[in-house]
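S.K.: Next up is a structure, given as structure tokens.
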Amino acid sequence: MSLQGSLSIERMCQLAQVSRAGFYRSLQERLPVEEEMEVRSTIQQIVLEHRRRYGYRRVTAELRRRGLLVNHKRVARLMREDNLLAVQPRAFVVTTNSEHEFEVYLNLARRLKLTGINQLWVADITYIRLQSEFVYLAVILDGFSRKVVGWALERTLATRLTRSALELAIAARQPAPGLVHHSDRGVQYASDEYVQVLQAHQMIPSMSRPANPYDNASCESFMKTLKREEIYANDYVDLEHLRRNIETFIDDYYNRCRLHSALAYQPPEEFEQQLKTATACAAATMSFFRHGEDYRPDDAIAKTKSGPQTAPLTIGFDESPAGYSLASCSPAELASASPADADSATTGLV
């Protein structure tokens, strides 16, 4: 940033008791060329600090955090003119193998209304290609703050990969009983070895349905961000070189510095710190209503087309879609997730 003597613009604004935004607005009116160069310089500084990981939206948000009120269209134009646009993503490859005989658990993530951290963890696996081999990364995110709470990197897709990430997350967060752990239906998450760790810490397993990745979208979004902003932007000598870079990206950059659009453009750790200073969060609530488009019988559909609308269908605690289990999911035992209302669940279909 330009200096006047030994004082920065930020310090001069503090001494003059004017906002930086007001200073830059007056600068734009009186010295448009200088203001343009100041904006370009700050944009280049932000892009270099984040190693070309930021697109124009996050650059705009960071400019506002620094006191520069600049339209996002202008930021996109300046970044395009200065060849500062973010690295583009590559194709995504699915690594889930759900052809197994292990138990598949009910999808609870779509029923939860989160109010704080350590109520829902979301897990996923991706592959990374090195010069001479493929390696695999398992990640666990907090569903509320989007912070990476555990991760592991291995050469195989064995269960120890996902178990290492889970044990790291448990050691770091020490969650209370009743946390919902959501994943896909892959064999790594459905295996007895993995489920035993969940049950030992009184966690409730939850799994997505086939071809329905929306409940796992936050973790898949992180994987895409990691590959676009770190993996594809670098060349790695070996597995240990990759491990060090991923550790730096997750612990020092993503969790602490990178602005997250779902968190009102705040880093996950800053978002969690604000939660700690606020009042205590209530427990997550869970709805047991069936979704009409998924569960409504044919005769009910026919009635709604020809007659008045009926009340929403409800599902009893002892009912579940075919192929799913309600094991380890008794609503009376949930600590961080509780049913919405006692009389909103019935013992059968209405």
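Every number here is computed from the coordinates shown, using simple stated rules; none is lab data. Bear in mind that the values here come from a model prediction, so they are computed numbers and not experimental data. Note: ideal-geometry Cβ built from the backbone for every residue, glycine included; neighbour counts use all protein chains shown.
S.K.: Under 8 Å for C-alpha pairs, at least 6 residues apart: give me the relative contact order for region 140-187, rounded to a whole percent.
M.R.: Working: 34 pairs, mean separation 14.4, N = 48.
Dividing the mean separation by the residue count of region 140-187 yields 30 percent.
S.K.: If packing is taken as the average count of other Cβ atoms within 10 Å, what order do 122-130, 73-81 fall into, highest mean first?
M.R.: 122-130, 73-81
S.K.: Ok, one more. In a shell of Cβ-Cβ distance under 14 Å around Arg20, excluding Arg20 itself, what net charge do Lys and Arg (+1) and Asp and Glu (-1) give?
M.R.: Details: positive: Arg11, Arg25, Arg64, Arg65, Arg66; negative: Glu10, Glu35, Glu38, Glu62.
It works out to a net charge of +1.
S.K.: Within the set of other residues whose C-beta is less than 14 Å from the C-beta of Arg65, count the net charge using Lys and Arg as +1 and Asp and Glu as -1.
M.R.: Taking every other residue near Arg65 into account, the sum is +2.
S.K.: Could I ask something else about it? Taking the dipole about the Cα centre of region 114-197, with the C-beta of Lys and Arg at +1 and of Asp and Glu at -1, give me whichever of Leu153, Leu114, Ile170 is farthest to the positive side.
M.R.: Leu114
S.K.: Taking 22 Å as the cut-off for C-alpha to C-alpha distance, list the pairs among Lys113/Lys276; Lys73/Lys227; Lys227/Lys276; Lys147/Lys227 that go past it.
M.R.: Lys73/Lys227; Lys227/Lys276
S.K.: Using the Cα centre of region 134-221 as the reference point, and only Cβ charges (+1 on K/R, -1 on D/E), how large is the resulting charge dipole? Debye, rounded to the nearest 20.
M.R.: Values: 8 positive and 8 negative charges, 23 e Å.
That gives region 134-221 a dipole magnitude of about 100 debye.
S.K.: Residues with beta-carbon under 15 Å from that of Glu154, excluding Glu154: net charge, scoring Lys, Arg +1 and Asp, Glu -1?
M.R.: On the way: positive: Arg129, Arg155, Arg160, Arg163, Arg243; negative: Asp124, Glu133, Glu167, Glu193, Asp238, Glu240, Glu247.
Summing Lys and Arg as +1 and Asp and Glu as -1 gives -2.
S.K.: While we're on this one: Using Cα-only point scatterers and the Debye equation, what is log10 of I(q)/I(0) for region 123-212 at each q in 0.10, 0.19, 0.22, 0.26 Å⁻¹, rounded to two decimals?
M.R.: -0.25, -0.87, -1.14, -1.49
S.K.: For the charge dipole of region 165-274, defined by +1 on Lys and Arg C-beta atoms and -1 on Asp and Glu C-beta atoms about the Cα centroid, which residue among His241, Ala190, Cys257 has the Cα displaced farthest towards the positive pole?
M.R.: Toward the positive end, the furthest listed residue is Ala190.
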